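Just below is one structure, and these are the notes that go with it.
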Amino acid sequence: MEFNTVEILGYASSLMVAISLMMKDIVWLRVLNFVGCVLFTTYGFMIDAMPVVVTNGFIACVNIYFLAKMQQEKSKQTNLACDAA
């Protein structure tokens, strides 16, 4: 059984998304899921499957949005803690 680059990318994408869903830490889940979505988006372009590209591109954007929101909240809490001291 011989694999080509496109198939390897597809399997790597699936593996990354599957691993992300096993994370307990929401930040790691979102980061790994983002990487998986970017790989899937690339895979979708390579196989000319626009539904794969659109769906995973959207999910990647959702992950970035929530990661930025979490970072903003963390920064806000740090600033409040510094102000209280």
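The values are calculated or read from the model by the stated rules, or taken from the named source; none is laboratory data. Owing to the predicted nature of the structure, the values given are computational and were not obtained by experimental measurement. Quick reminder, even Gly has a Cβ in these numbers, built from the backbone with ideal geometry, and neighbours come from all protein chains shown. These area figures cover heavy atoms from the full protein model, side chains too; ligands, DNA and RNA do not enter into them. Shrake-Rupley method; radii C 1.70, N 1.55, O 1.52, S 1.80 Å.
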Pairs under 9 Å by beta carbon, first residue closer than 30 Å to G44 by Cα in segment 58-81, partner among the basic types (K, R) and in a helix (DSSP H, G or I), six or more apart or different chains? V62/R30; N63/R30; I64/R30; F66/R30; L67/R30; M70/R30
If you go through segment 67-83 one residue at a time, do you hit one that is open to solvent by less than 50 Å² (accessible area, probe 1.4 Å) and in a helix (DSSP H, G or I)? yes
Expected single match for on the phi < 0 side of the Ramachandran plot and either open to solvent by less than 80 Å² (accessible area, probe 1.4 Å) or in contact (Cβ under 8 Å) with a residue 24 or more places away in the chain (or both) among F34, F45 is F34
So, in segment 32-75, exactly how many residues are hydroxyl-bearing (S, T, Y) and closer than 18 Å to I8 by Cβ? 3
Would you tally the residues in segment 48-66 being open to solvent by less than 50 Å² (accessible area, probe 1.4 Å) and not hydrophobic (A, V, I, L, M, F, W, C)? 3
